[in-house]
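Chemist: What follows is a single structure, and I will ask about it in a moment.
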Amino acid sequence: MKRGVQIEDYLKPLQPNQTQCYLTNTLQVADIIEWVLSQIGKSTIWQTSFSISEEFLRRLYFISKSGNVETIHLLLDFKATQKTLRLWAFLSQVIEHTYLADNHSKVLLVKSERGEVVSIITSQNLTRGNRSESAVVTTDPELFATLHAQIQDLIINHSVPLNDLFSRAIAAD
């Protein structure tokens with residue numbers, strides 16, 4: 001988030017605001033994760049993106065250390081495999097489950113230990129940029145269930161665990 005900007009300039013508290021959105025160049029996906037976790041507490045996260053950057057991983061590392069993250073499931077695109085493999089050592093320390101598939105979606109699902117759910121559909125990859133990005137944020141349980149089922153289908157039926165690819169790359173060397 002840019003200096004002097006507050007997330008409250010763009011988003012209201014999750015409750016009672018079931019659906020809201022933004023379009024700005026000041027918020028980053030990591031800002032949204034922190035904001036959601038500050039409201040619903042310890043949670044499991046499912047994140048899909050085309051690619052991920054080291055800068056985003058650093059932010060996620062510190063978010064995870066806060067104690068509000070139970071588990072992270074990450075789904076990235078096959079086309080970003082080389083970049084993802086270069087980040088593997090760090091990635092494996094921050095994210096428990098990483099998968100690669102034909103994926104261009106950017107979805108963030110968060111489910112608290114108490115069962116509260118938040119879905120964020122965003123235009124931003126897990127990278128940092130100064131471009132305007134948009135997102136829809138909702139606590140609608142039906143929307144969460146639909147997206148969760150579709151992400152699970154991608155993971156179970158259409159992806160390769162990153163650990164498998166990394167093991168094959170090491171064996172090839």
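Chemist: Compare the Cα positions of Leu57, Ile156, Ile121 along the charge dipole of region 56-173 (+1 at Cβ of Lys, Arg; -1 at Cβ of Asp, Glu; about the Cα centre) and return the one farthest towards the positive end.
Modeler: Positive-most Cα among the choices belongs to Leu57.
Chemist: With +1 on each Lys and Arg Cβ and -1 on each Asp and Glu Cβ, and nothing else charged, work out how big the dipole of region 13-112 is about its Cα centre, in Debye to the nearest 20.
Modeler: That gives region 13-112 a dipole magnitude of about 80 debye.
Chemist: Can you pull the percent of region 61-173's accessible area that's carbon plus sulfur, 1.4 Å probe, other chains left in place?
Modeler: For region 61-173, the apolar C and S fraction of the accessible surface comes to 51 percent.
Chemist: Just the accessible area per residue of the chain, please: how many Å² with a 1.4 Å probe?
Modeler: Counting only protein heavy atoms, the per-residue value for the chain is 52 Å².
Chemist: Using only helices, what value at 222 nm comes out for the chain when you add -39,500 (n - 2.57) per DSSP H run of length 4 or more and divide by the total residues, to the nearest 500 deg cm²/dmol?
Modeler: My calculation for the chain gives -11000 deg cm²/dmol from helical runs alone.
Chemist: A further question on this structure: Given Cβ point charges of +1 (Lys, Arg) and -1 (Asp, Glu) and nothing else, what value in debye, to the nearest 20, does the dipole of the chain about its Cα centre take? Show your work: numbers first, answer last.
Modeler: Numbers: 16 positive and 18 negative charges, 99 e Å.
Taking the Cα centre of the chain as origin, the dipole is about 480 debye.
Chemist: Note the full-extension length gain between Gln82 and Ile156 as 0.36 nm times their separation in residues minus their Cα-Cα distance, in nm to one decimal.
Modeler: Extra length available between Gln82 and Ile156 comes to 24.4 nm.
Chemist: With Cβ to Cβ distances under 13 Å as the rule, what net charge do the other residues near Ser38 carry (K, R +1; D, E -1)?
Modeler: On the way: positive: Lys42; negative: Glu8, Asp31, Glu34, Glu116.
Once all neighbours under 13 Å are counted, the net charge is -3.
Chemist: List the lysines whose Cα sits under 20 Å from the Cα of Lys83, skipping any in the same chain fewer than 8 residues away.
Modeler: In chain and number order, the partners are Lys106.
Chemist: Further question: For Lys111, go through the lysines and keep the ones whose alpha-carbon is under 26 Å away, minus same-chain ones fewer than eight residues off.
Modeler: Lys12, Lys42, Lys65
Chemist: Explain nothing, just compute: Karplus ³J(HN,Hα) = 6.51 cos²θ - 1.76 cosθ + 1.60, θ = phi - 60°, for every residue of region 19-31 in order, whole Hz, x for Gly and Pro.
Modeler: Computed from phi, the couplings for region 19-31 are 9, 8, 8, 8, 9, 7, 9, 9, 9, 10, 4, 4, 4 Hz.
The values are calculated or read from the model by the stated rules, or taken from the named source; none is laboratory data. The structure displayed is predicted, hence computed values, not measured ones. Note: ideal-geometry Cβ built from the backbone for every residue, glycine included; neighbour counts use all protein chains shown. These accessible areas exclude ligands, DNA and RNA; they are computed on the full protein's heavy atoms, side chains included. Shrake-Rupley method; radii C 1.70, N 1.55, O 1.52, S 1.80 Å.
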